[in-house]
Amino acid sequence: MPKKIDFNKPLLRIFACYYRPHWKLFMADMICASLISGTDLAFPMMTKFTIERFLPNELYRFFFIMAGLMVLLYVFRMGFTYFVTYWGHTVGAYIEADMRRDLFNHLQELPFSFYDNNRTGQIMSRVTTDLFEVTELAHHGPEDLFISLFTLTGSFILVFTMRWEMALVLLVLVPLMIVTTILSRRVMQAASRKVKERTAEINASLESSISGARVAKAFTNESWETVKFRGGNENFKNAKKNYYKTMASFQSRMEFMTHFLTVAVIAVGGFLIMRDRMSLAELITCNLFVAAFLQPVRRLQSFVEQFTTGMAGFNRFVEIMRIQPGIRDKAGAVSLEHVKGDIRYKNVTFAYTEDAAARERYVLRDIDLSVPAGTTLALVGPSGGGKTTLCHLLPRFYDIQQGSITVDGYDIRDITLQSLRRNIGIVQQEVFLFAGTIRENIAYGRISATEEEIVDAAKRAEIHEDILEMPNMYDTIVGERGIKLSGGQKQRVSIARIFLKNPPILILDEATSALDSATEYKIQKALEELSRGRTTMVIAHRLSTIRNADCIVVIDNEGIRQQGTHRDLLASGGLYAELHAAQFGEKEAAAV
Ligand code: ADP
Ligand code: MG
């Protein structure tokens, strides 16, 4: 693993860091690039020599030897070009792969809040398109810059030694071209940034519309989706158009200036010849130099383009890399072994936003809870009361602002995230299946699990029989474009994952709320089996499922309203009794 890069450095320094692991190839690439410009400089000089010495003196043999030498030179140049094109691009690809690796690793470290606030499509766009443009720059950038500066100075010096008057023409016009280039850079950079942003927006809107395609059809809102998309597409078109406009004005100006340069050289050269201060051979040579000039100037120009788009992409890359993974291990965090699962919340206060002005919108305030090891705590209450939030605080998906949460007496902020999360299993209402086989999806609970362990977990989660009936059994592809699992089957896959993970602490967040009663009954058994011997926090809509909990907590926007066993709470009346009555009818409530 290479040394970690400090992303607070200036952009170009960070960029340079990515060359470090590949410096040998990169240097070889640069050497070949300079040999290419060397041959470009040699050609006019050899021509001059031939015209001045060999032709007038009728040294035809040497003339043809010289021609042969030139061919040989170009054969070498061919080799260098091959090397630069092949290995230069490859270095670019290596650098892109390194950046993508860092970005991906970083994305894995970013907390829940990052994913709450950023759209999948936009993140995708950064990992793909943006980085591709960075590669182009990584490869062509230094090479173009190097070749053009080398050739420009080289030919300038050679022209100067031949005719200083000609060098003067170049000295006036070339800087003018370079200044134009640099000035255009800024305008083009802004335009390119806009294009990037619009592309990311398009990707995000595409991603959202495609994943929501079923909802759109259910509401027959396809045309509204089209309208929404059209807006984004229109913005993209305009941004791109604007970018091409700046590019067109830049390119046309540059071309004019190169042509003007050619004419100026001929005119000044002709004038010098009229005054007998220059020979025809020298004029031809100068002209060849100007031709040799055009390429580096063009390279410089393409460098500017690449630099603008590439740096815009790189900037967006660095922007993400600079986001601190808010939640990470503190120095000296301990790894928790043999967890019993004694959980305690003390004066816990939490708001989703760090923003001081919005701080007033606490989701949880001064919550005190205690779940002794091995017991079950049930959370009930109206939707939006903060039950899920309360559970998400335990594995530190979000950090609390005040108070403390302890596991076996250790503050969760003093424990490594790895060991904390390893000891907590979560079953949620929505199950995410990765595109892959059902075996892989179950094994996600513990990647190293053996075949027997996987089958055992599937049996305990009561999904084994269902799997045997699938076309390829455990090798059946599920998830995207695979076989469709029913809600109940998906839920049992997620339960099997937890059996494999085998954590001492369990969170069941409305695991069965989306299922019909028959399926719920079946899964309930698996869940009971799962929670045996574990500290369990269970959130349930259907109160029938939590009757046997050791403690039931009723929570709403105001905080904890009631706390006790099913019997206590029914007897004392209040919110729980009301909820119960609403679900089971007065009669049964009275009967219990
Ligand atoms: P429950 O699970 O009891 O239905 P939640 O814990 O999901 O309630 O939500 C509690 C409150 O927190 C709600 O007002 C909700 O809008 C808000 N909330 C939930 N998740 C987020 C989030 N990721 N970012 C900001 N606010 C959130
Ligand atoms: Mg919830």
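The values are calculated or read from the model by the stated rules, or taken from the named source; none is laboratory data. Here the structure is a predicted model, which is why all the values come from computation and not from measurement. Heads up, the Cβs are rebuilt from the backbone with ideal geometry, glycines too, and the neighbour counts pull from every protein chain shown.
No other residue among L336, L393, L377, L369 is of a type in the set (A, V, I, L, M, F, W, C), surrounded by 15 or more Cβ atoms within 10 Å (Cβ to Cβ) and within 14 Å of ligand 1 (Cβ to nearest atom) apart from L393. Scanning segment 398-418 for residues that are surrounded by fewer than 17 Cβ atoms within 10 Å (Cβ to Cβ) and either polar (S, T, N, Q) or within 13 Å of ligand 2 (Cβ to nearest atom) (or both) yields Q401, Q402, S404, T416, Q418. From the list A67, A33, the one residue that fits, being closer than 25 Å to I157 by Cα, at pLDDT below 90, among the small types (G, A, S) and surrounded by 18 or more Cβ atoms within 10 Å (Cβ to Cβ), is A33.
For the structure I just gave you, tell me whether E52 is surrounded by 14 or more Cβ atoms within 10 Å (Cβ to Cβ) and either in contact with a Cys (Cβ under 7 Å, 6 or more places away or on another chain) or charged (D, E, K, R) (or both).
Numbers: surrounded by 14 or more Cβ atoms within 10 Å (Cβ to Cβ): yes; either in contact with a Cys (Cβ under 7 Å, 6 or more places away or on another chain) or charged (D, E, K, R) (or both): yes.
Here the answer is yes, as E52 does meet what is asked.
Does at least one position in segment 546-568 carry a residue that is within 15 Å of ligand 1 (Cβ to nearest atom) and part of a helix (DSSP H, G or I)? Yes, the conditions are met somewhere in segment 546-568. Q401 meets the conditions (1) within 16 Å of ligand 1 (Cβ to nearest atom); (2) farther than 24 Å from E109 by Cα in every case but one. The failed one is (2). Taking the conditions (1) surrounded by fewer than 15 Cβ atoms within 10 Å (Cβ to Cβ); (2) part of a loop (DSSP other than H, G, I, E, B); (3) not charged (D, E, K, R) in turn, M278 satisfies each one other than (1).
A single entry from Y474, Y576 fulfils the requirement of being within 16 Å of ligand 1 (Cβ to nearest atom) and either among the hydroxyl-bearing types (S, T, Y) or part of a helix (DSSP H, G or I) (or both): Y576.
Any chance segment 170-184 includes a residue that's in a helix (DSSP H, G or I) and touching a Cys at 6+ places or on another chain (Cβ under 7 Å)? Scanning segment 170-184 turns up no residue that is in a helix (DSSP H, G or I) and touching a Cys at 6+ places or on another chain (Cβ under 7 Å). Here C17 meets the list (1) closer than 16 Å to L145 by Cα; (2) in contact (Cβ under 8 Å) with a residue 12 or more places away in the chain almost entirely, failing just condition (1). Taking the conditions exactly as written (touching a helix residue (DSSP H, G or I) at 6+ places or on another chain (Cβ under 8 Å) and within 16 Å of ligand 2 (Cβ to nearest atom)), does I555 satisfy them or not? Yes. Number of residues in segment 395-448 that are over 29 Å from A461 (Cα atoms), outside any loop (DSSP other than H, G, I, E, B) and not small (G, A, S): the value is 9.
Has segment 507-523 got any residue that is within 16 Å of ligand 1 (Cβ to nearest atom), part of a loop (DSSP other than H, G, I, E, B), under 28 Å from A581 (Cα atoms) and among the aliphatic types (A, V, I, L, M)? There is at least one residue in segment 507-523 that is within 16 Å of ligand 1 (Cβ to nearest atom), part of a loop (DSSP other than H, G, I, E, B), under 28 Å from A581 (Cα atoms) and among the aliphatic types (A, V, I, L, M). Checking every residue in segment 61-82 against the condition of being closer than 22 Å to L283 by Cα and not in a helix (DSSP H, G or I) gives zero matches.
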